């Protein structure tokens, strides 16, 4: 985090180039949110469908009214309570926001990240940076600069290294574009946290009327190795079944003792989230034929982790 590094990043962004930047959730692949040609570079490099919207990251001093066509009181309350932080708000798109960022929709996604390097860059740039996760579309999200380098090599002109991401999974997404707040994607900010500010929140409507939002496709955050979620009690039998035919099987389990062929992550949702994507990348690297992932607890504290794992094995 140097003035020279931030100045170089600002220069590249203003020239329509891409910059990878750290946030507290995952590393983002950033472009000037108001430059449709620059935004198109994100979609091309990631291999991301152009109707899949991006999150615009803002500096803390930004005014929501400068970006959104309408800002309901609930949006201001949530921003005051959780920004900077891992919360994304879906609001009606303001006229200055190009539809290239929103996937052609009249809604958009905004957040203020909680990472000193990201905030320094946003303040120096003085505008919004569209930044989905810095990985190939559908693959495991990056939580270190080395992950971004492994994913893209020299295709990204600059990767700002802010160390490992503190949260490690993507932001909570709340839709505020249709009246009552609705959680579209769970994250580190839980519905219990949101209720402290808003009262009751809803689930995503079954009728599909919710706007498209990042990270909601069926298969996402996925390793290249075929993977299965397996309940703890069934794990030994499933492992024996797969290894009987000579296949190499990698394990991702809960606990402190790593298995012979695999990785153990803490039985605490925050700690598990910090280590999840790095663990999946390491298991991918080892060249197993199959990955077996122990199903986490079913309580609300694990909801975001379970969401990511279900998409990873879909």
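The values are calculated or read from the model by the stated rules, or taken from the named source; none is laboratory data. Please read all numbers here as calculations on a predicted model, not as lab measurements. Using ideal geometry, Cβ is built from the backbone for each residue, glycine included, and neighbour counts are taken over all protein chains shown.
Working only within the stretch 155-189, note down all residues that are farther than 20 Å from residue 110 by Cα and buried (at least 21 other Cβ atoms within 10 Å of the Cβ). Matches in the stretch 155-189: 159, 160, 162. Restricting to the stretch 294-314, and then to whatever is over 12 Å from residue 222 (Cα atoms) and either without any contact (Cβ under 8 Å) to a residue 40 or more places away in the chain or not in a helix (DSSP H, G or I) (or both), can you tell me which residue is nearest to the chain's Cα centre (by Cα)? Among residues in the stretch 294-314 that are over 12 Å from residue 222 (Cα atoms) and either without any contact (Cβ under 8 Å) to a residue 40 or more places away in the chain or not in a helix (DSSP H, G or I) (or both), the one nearest to the chain's Cα centre (by Cα) is 306.
Taking the stretch 1-77 as the region of interest, the strands (runs of 3 or more DSSP E) fully inside it that hold 2 or more residues being more than 20 Å from the chain's Cα centre (by Cα) and closer than 16 Å to residue 109 by Cβ are 68-70.
Note on the stretch 264-293: residues that are touching a strand residue (DSSP E or B) at 6+ places or on another chain (Cβ under 6 Å) and in a helix (DSSP H, G or I) total 4. Restricting attention to the stretch 128-154, the residues that are assigned to a helix (DSSP H, G or I), surrounded by fewer than 24 Cβ atoms within 10 Å (Cβ to Cβ) and out of contact with any strand residue (DSSP E or B) (no Cβ under 8 Å at 6 or more places or on another chain) add up to 4. Restricting attention to the stretch 107-127, which residues are in contact with a helix residue (DSSP H, G or I) (Cβ under 8 Å, 6 or more places away or on another chain) and either part of a loop (DSSP other than H, G, I, E, B) or without any contact (Cβ under 8 Å) to a residue 12 or more places away in the chain (or both)? Within the stretch 107-127, 112, 113 meet the criteria. Report yes if residue 187 is within 14 Å of the chain's Cα centre (by Cα), modelled with pLDDT of 95 or more and closer than 25 Å to residue 271 by Cβ, otherwise no. For residue 187, the condition - within 14 Å of the chain's Cα centre (by Cα), modelled with pLDDT of 95 or more and closer than 25 Å to residue 271 by Cβ - is met.
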